[in-house]
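First up is the structure itself, then whatever we jot down about it.
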Amino acid sequence: MATTAASEKRNIVVIGGGIIGCTSAYFLTRHPAYDPSKHNITLLEAGKIAGGASGKAGGLLALWAYPTSIVPLSYRLHKELADEHGGVERWGYRAVHCGQVDCVGRHLEGPSVKGKTGEAVPGDNEATGNGDAKVSLQKRDQKALGKLRAAGVPGDMDWVAAECLRVYDEMGDPSTTAQVHPFQFTTAMAELAAEKGVKVRTGCKVTGIGYTDNDSAVESVTFGDKGNGGKSETIQTNDIVIAAGPWTPSVYPSAPISALRAHSVTIRPSRPVSAYALFTQIKLPSNFGRTNEVNRGKGGKSFKAGWGEQIVTPEIYARPKNEVYACGEGDRLVSLPLGTDEVEVDEERCQDIVDYVSSISDELRDGEVTARQACYLPNVNAGSGHPLVGLTGVKGLVLAAGHTCWGIQNGPGTGKLVSEFVFEGKARSASVKGLDPRNVLQGQSSSSSTPQ
């Protein structure tokens, strides 16, 4: 994959239609060496674009994220992409405040907020309106505002009940923290890549990677096309980028990547709320809803929970157009399914998230749930645990997977680096030796990479 080979005719296959695969395809078409008359790029996605975590994540961007080797590059690229392609309107890019809040939850009077089940459907149950970034309807009286100020709470963050707030610690401001809508951003990257010549094929599940006789180089990718009755097809290829998230081991078993299920909900609040991303620690009263027996008697760093009480830590992200995203802790109760369309959603876990955030916010309590969903995050189980981005030791094979909860944040940076690995054989935009897959793949045979 040296620079001298960049001018040769090449078939490049990207496996995975999540954020990493789509940004890889995008930046491959923006690399100076890319020539659509000589370079054929195909993106293969087993389900639909952004069908997994890339369509159900929170979308938080932060200069204080990890790993530090790639975060600054990716954060900068997010801004550049938004400026170039109208990301403010197209995928909800905006700068935000981010804080850690310690709260005491309240009992819910009657049934908590209900709403639609299932995933958000564009044009159907997605949020509407043009919600401004900073909105205050002056709902708090002077006594309540005094409590907020005493807790160090910004004046425009008035959608968390004053009587619930105990502490607010700012983690990031609009100069260091931003957000995007993950589904909109990922699908936009795929569309922009397609405009430059990438063949985006959905419903195409990879069943095998072909190698040369001595396993030293890749030579083909075989997949089943759902849209053609599952008929098997094989593409002869010079370069393969594996970006299949938690499904990466299904096409490359040597990859030490596991899956963590995560549930989330989206809520249309009763009124527009200001632009804050909150990492919460909520002390719930005893006998709150379905008390989690595992957490009984356990406290966090700021609270000591009594018997029958529990500490919960949902994350809450206000989004443009009057939408709020909230997620809970992960679990490994259900194994990774064969595809994104088979992910099992635990309705009770989703309702727990709704109840938790409703206990500290009237605007969320009185709102409407627009999606209850689940996805799987990819975790690296070797070395530093950081994502694996780079060459594998097999000619033509690049690995880009294992980004955990920071996949959206680090997607553009990863895509940029992937384009450099493919066309130049090395990274130029950032020093990512700590992410080198060969650090954890030493001694593992590439022949094990083809599913039987």
Accessible-area value, Cys22, 1.4 Å probe, nucleic acids and ligands omitted, Å²: 0
Pull out the extension gain between His107 and Ser232, defined as 0.36 nm times the separation in residues minus the alpha carbon to alpha carbon distance; nm, one decimal. 39.4 nm
Where Val418, Val440 fall by accessible area, highest first, once all protein chains stay in place (1.4 Å): Val440, Val418
Which value, in Å² rounded to 10, gives the accessible area of Ser429 with a 1.4 Å probe and all protein chains present? 50
Of the listed pairs Lys56/Lys226; Lys226/Lys426; Lys79/Lys226; Lys38/Lys426; Lys226/Lys433, those with alpha carbons more than 32 Å apart are Lys226/Lys426; Lys79/Lys226; Lys226/Lys433
Accessible area in the full protein assembly, largest first, 1.4 Å probe, for Glu191, Glu84, Glu420: Glu84, Glu191, Glu420
For the stretch 13-89, the percent of accessible surface on carbon and sulfur atoms (probe 1.4 angstrom, ligands and nucleic acids excluded) is 56
Provide the per-residue ³J(HN,Hα) series for the stretch 37-46, in order, calculated from phi with Karplus coefficients 6.51, -1.76, 1.60 and θ = phi - 60°, each as a whole number of Hz, with x at glycine and proline positions. 7, 10, 10, 9, 10, 10, 9, 10, 10, 5
Relative contact order (%) - the stretch 184-291, alpha-carbon pairs under 8 angstrom, separation at least six: 14
Just read off the accessible area of Met171 with the full protein assembly in place, 1.4 Å probe, to the nearest 10 Å². 70
How much accessible area per residue does the stretch 315-452 have, in Å², with a 1.4 Å probe? 37
Which of the three applies to the stretch 201-268, rounded, prolate or oblate, going by the alpha-carbon gyration tensor with a ≥ b ≥ c and a/c under 1.5 meaning rounded? oblate
Residue-wise, which Karplus ³J(HN,Hα) couplings in Hz belong to the stretch 415-426, taking 6.51 cos²θ - 1.76 cosθ + 1.60, θ = phi - 60°, and x for glycine or proline? x, 4, 5, 4, 4, 6, 4, 5, 8, 10, x, 7
Residues meeting the amide H criterion for Ser220 (H placed from the backbone, H to H distance under 5 Å, 5 or more places apart or on another chain) are Gly210, Thr237
May I ask you to rank Glu233, Glu323 by accessible area, largest first, using a 1.4 Å probe over the protein chains only? Glu233, Glu323
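The values are calculated or read from the model by the stated rules, or taken from the named source; none is laboratory data. Source: prediction; values computed, not measured. Please note that ligands, DNA and RNA were not included when accessible areas were found on the heavy atoms of the full protein model with its side chains. Shrake-Rupley method; radii C 1.70, N 1.55, O 1.52, S 1.80 Å.
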